[in-house]
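Input: a single structure, listed below in structure tokens.
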Amino acid sequence: MVNMKIAFVGKGGSGKTTLSSLFIRHLAALGAPVIAVDADINQHLGPALGLDDEQAAELPAMGARLPLIKDYLRGSNPRIASADTMIKTTPPGEGSRLLRVRENNPVYDACARPVELDGGAVRLMVTGPFTEADLGVSCYHSKTGAVELCLNHLVDGRDEYVVVDMTAGSDSFASGMFTRFDMTFLVAEPTRKGVSVYRQYKEYARDFGVTLKVVGNKVQGQDDLDFLRAEVGDDLLVTVGHSDWVRAMEKGRPPRFDLLEEPNSAALQTLRSTADAAYAVRDWERYTRQMVHFHLKNAQSWGNAKTGADLAAQVDPAFVLRESVAAPA
Ligand SMILES: Nc1ncnc2c1ncn2[C@@H]1O[C@H](COP(=O)(O)OP(=O)(O)OP(=O)(O)O)[C@@H](O)[C@H]1O
Ligand SMILES: [Mg+2]
């Protein structure tokens with residue numbers, strides 16, 4: 001196992017949350033440290049990980065704790081005068097505080113909650129419910145902005161995973177969010193709509209070296225499989241059929257995770273080995289360059305106007321986010 005930031009994206013209802021939650025359970029069962037992040041429009045990851053309604057409702061919303069997140073991450077970075085001038089793409093630099101998967105820190109204290117799964121606990125963080133305003137294009141208050149800031153300040157170490165359940169909507173393209181992952185799994189049902197979301201994502205991702213693989217979901221039989229193969233080609237990684245295990249969980253009677261249907265657990269293993277293999281092409285310099293690219297773009301299109309500051313000056317030209325800049329806690 002290696003360290004990985006993994007996103008599940010796709011059209012509404014395709015099964016992002018279901019497959020994210022199964023993948024998270026799979027990692028937890030292997031004993032891997034996992035941060036699970038719900039950045040989906042419909043906030044269902046908590047329940048999919050077994051929380052009841054009351055527990056899910058008590059999860060702290062990252063979107064409501066942005067000032068705390070910004071203040072912590074800013075640290076003593078002299079290029080960032082105040083949390084108010086920090087936007088979702090403000091990159092870390094000398095003096096910034098970085099996040100590690102395994103440590104405790106004020107951001108996790110405020111925003112993460114442990115969820116017990118078969119095999120171990122994971123940390124769950126949620127953006128909080130989306131409103132109409134969140135779905136606008138470049139908005140300053142974007143809920144996923146909190147996630148993007150955290151990802152841009154996160155140095156994941158060996159054998160650690162961050163799994164994000166998110167929508168494939170415009171929100172992730174307005175910023176650099178879609179470039180923040182070592183592996184993006186696009187969940188697609190064997191339908192024209194499912195496939196068209198894939199094409200659109202692929203188009204956006206093309207220029208940014210995003211590693212994208214399609215996970216077919218709710219695939220029933222050869223005709224479904226042929227359809228996805230024909231439409232998606234080699235990007236089709238694996239398919240998942242209807243799962244009675246998932247259905248039982250949705251009824252509030254989750255079976256033990258080791259009782260998941262064999263073909264579906266084989267699919268999860270394929271996801272993990274494929275994600276792990278993508279680690280070989282991780283490039284911290286490119287990762288940092290891309291966050292700067294999106295920051296400058298946001299600064300110019302709305303950030304400077306919104307904050308009244310020259311946000312390009314926040315970029316620390318010598319800084320590269322990487323494991324070695326963060327001494328183990
Ligand atoms: N492989 C599967 N087997 C059985 N049920 C499934 C499977 N995949 C998804 N479902 C069911 O389909 C519904 C939609 O799935 P899910 O909530 O994971 O999709 P989503 O893409 O996260 O949707 P949303 O856009 O609403 O967040 C859920 O009721 C889920 O339990
Ligand atoms: Mg969902």
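The values are calculated or read from the model by the stated rules, or taken from the named source; none is laboratory data. From a predicted model like this one, the values you see are computed outputs, not experimental measurements. So basically every Cβ, Gly included, is an ideal-geometry build from the backbone, and we count neighbours across all protein chains shown.
Structure notes:
- Conditions (1) more than 27 Å from R282 (Cα to Cα); (2) within 12 Å of ligand 2 (Cβ to nearest atom): number failed by L19: (1)
- Qualifying residues in region 30-50 (those that are at pLDDT 95 or above, outside any strand (DSSP E or B) and of a type in the set (A, V, I, L, M)) - the one farthest from ligand 2 (Cβ to nearest atom): L49
- When G93, G128 are checked against the criterion of being buried (at least 18 other Cβ atoms within 10 Å of the Cβ), under 30 Å from L296 (Cα atoms) and touching a strand residue (DSSP E or B) at 6+ places or on another chain (Cβ under 8 Å), a single residue qualifies: G128.
- Residue check, R272 among the basic types (K, R), part of a helix (DSSP H, G or I), within 29 Å of I6 (Cβ to Cβ) and within 18 Å of the chain's Cα centre (by Cα): yes
- T167 being modelled with pLDDT under 90 and among the polar types (S, T, N, Q): yes
- Look at region 249-263: where a residue is in contact (Cβ under 8 Å) with a residue 60 or more places away in the chain and more than 20 Å from K218 (Cβ to Cβ) and a partner is of a type outside the set (K, R) and surrounded by 13 or more Cβ atoms within 10 Å (Cβ to Cβ), sitting 6+ places away or on another chain with Cβ atoms under 8 Å, you get R256/D118; F257/H26; F257/A29; F257/L117; F257/D118; F257/G119; D258/A29; D258/D118.
- Selection within region 276-329 - more than 17 Å from I80 (Cα to Cα) and touching a helix residue (DSSP H, G or I) at 6+ places or on another chain (Cβ under 7 Å): Q290, R322
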